[in-house]
Amino acid sequence: MKIRTGTLAQLKQKGEKFACLTSYDALTAQIFDQAGIEVLLVGDSAGNVVLGYPTTIPVTIEQMVHFGKAVTEATQSALVVVDMPFGSYELSSEQALASSIKIMKETGADAVKLEGARPEAVKRIVDAGIPVMGHLGFTPQSVNQLSGFKVQGRGDSSGQLLQDAKELQAAGAFAIVLEMIPAQLAQRVSDELQIPTIGIGAGLGCDGQILVWTDFAGLSDRSPKFAKKYLNLRDSLLEAATSYREEVRTGAFPTEEQSFS
Ligand code: KIV
């Protein structure tokens with residue numbers, strides 16, 4: 001069954017949690033889709049994870065289209081959301097709409113995501129028929145303004161975050177990612193919004209959870225405190241590559257089994 005934005009709303013109404021992962025390629029998209037992961041986010045974290053950039057700031061709309069297309073081609077059920085990269089929506093609501101139309105047309109995605117408290121841009125895109133996911137708390141595209149990777153929404157700023165979330169909801173966002181905020185605040189936002197919240201480093205109170213796939217699979221060289229490793233892919237790959245190199249060097253690979261007569 002195809003997951004739609006309405007499916008996530010129904011899950012929230014029923015009090016059922018859902019799981020989201022990032023994906024940037026057809027192979028992982030196929031596996032995560034088969035596992036029943038409800039949302040695949042083609043995050044601009046691709047800039048860090050796939051392209052090796054120190055931040056997501058250099059990521060372009062063309063790169064997002066490239067990754068987005070690979071994911072939609074391989075996905076049957078999951079809702080595919082493509083991130084709008086830095087510089088593709090900040091200038092005006094018109095720019096935001098034009099960028100989201102390009103992403104939707106060229107990737108076949110189900111929705112777009114943009115960072116920050118930008119209800120005007122969200123409304124303009126939603127009015128054109130494109131579902132939008134919001135993203136509040138720590139927003140990686142603003143890492144320089146936020147003075148690094150820091151928990152957001154502590155103390156006095158908690159009220160502002162709740163207000164921002166309500167404005168995104170009023171503008172028509174179908175869900176909001178809450179990144180690196182105190183668990184109590186995430187719980188309060190989730191309780192007060194009708195639309196689902198999706199937590200990353202935001203505790204148990206959100207309606208869904210999301211992780212960057214290379215963190216969840218233990219492939220990243222460094223991963224944040226909130227990311228649980230469900231396997232240790234980095235060590236497994238290192239071990240496999242070391243064995244392969246050794247077998248090539250010693251002539252143990254290929255054997256007859258891997259050869260043609
Ligand atoms: O780009 C991304 O992967 C994200 C998640 C961290 C939510 O925005």
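The values are calculated or read from the model by the stated rules, or taken from the named source; none is laboratory data. Keep in mind the model is a prediction, meaning the values are calculated, not measured. In this analysis, Cβ positions are derived from the backbone assuming ideal geometry, glycine residues included, and neighbour counts consider all displayed protein chains. Side chains included, ligands, DNA and RNA excluded: accessible areas come from the protein's heavy atoms. Shrake-Rupley method; radii C 1.70, N 1.55, O 1.52, S 1.80 Å.
Taking amide H atoms as placed 1.01 Å from N in the peptide plane, the amide H of K113 lies under 5 Å from those of V82, D83, M84, M133, each 5 or more residues away in sequence or on another chain. Treating each Cα of the chain as one equal point scatterer and applying the Debye formula with no solvent, the log10 of I(q)/I(0) at q = 0.11, 0.13 Å⁻¹ comes out as -0.59, -0.80. From helices alone, the chain scores -12500 deg cm²/dmol at 222 nm; the rule is -39500 (n - 2.57) for each run of n ≥ 4 DSSP H residues, then divide by the residue total. Carbon and sulfur atoms: what percent of the 1.4 Å accessible area of the range 179-236 do they account for? Of all accessible area on the range 179-236, carbon and sulfur atoms account for 52 percent. The GluC sites (Glu not before Pro) of the range 5-76 meeting both criteria, a DSSP state outside H, G, I, E and B (loop) and at most 13 other C-beta atoms within 10 angstrom of the site's C-beta, are E16.
Mind checking the range 203-237 for chymotrypsin sites (Phe, Trp or Tyr not before Pro) that DSSP puts in a loop (not H, G, I, E or B) and that have at most 12 other Cβ atoms within 10 Å? The qualifying sites are Y230. Excluding K12 itself, what net charge comes from residues whose Cβ is under 14 Å from its Cβ, given Lys and Arg +1 and Asp and Glu -1? Summing Lys/Arg as +1 and Asp/Glu as -1 gives -2. Only protein atoms count toward the accessible area here, which uses a 1.4 Å probe; on the range 28-173, the carbon and sulfur part of that area reaches 52 percent.
For the chain, the solvent-accessible area of protein heavy atoms averages 51 Å² per residue (probe radius 1.4 Å; ligands and nucleic acids excluded).
Relative to the Cα centre, the charge distribution of the range 1-138, modelled as +1 at Lys and Arg Cβ and -1 at Asp and Glu Cβ, gives a dipole magnitude of about 400 debye.
Each Lys or Arg adds one and each Asp or Glu takes one away; over the other residues whose Cβ falls under 9 Å from the Cβ of D207, this sums to +1. GNM on the chain, alpha-carbon springs under 10 angstrom: the most fluctuating residue among G205, G251, G68 is G251. Net charge near H135, counting Lys/Arg +1 and Asp/Glu -1 over other residues with Cβ under 9 Å of its Cβ? Result for the neighbourhood of H135: -2. Spatial offset of the range 104-124 relative to the range 16-84 amounts to 15 Å, using the alpha carbon center of each. Bridging of K229 to lysines at a Cα separation below 30 Å is possible for K2, K12, K14, K17, K69, K113, K150, once same-chain residues fewer than 8 apart are set aside. For the chain, modelled as a GNM whose springs connect Cα atoms under 10 angstrom apart, the maximal fluctuation among S23, S93, S157 occurs at S157. Around the amide H of V177, modelled in the peptide plane, lie the amide H atoms of G134, H135, L136, I198, all under 5 Å away and 5 or more residues distant in sequence or on another chain.
Of the trypsin sites (Lys or Arg not before Pro) found in the range 167-234, those in coil by DSSP whose Cβ has at most 14 other Cβ atoms within 10 Å are R222, K225, K228.
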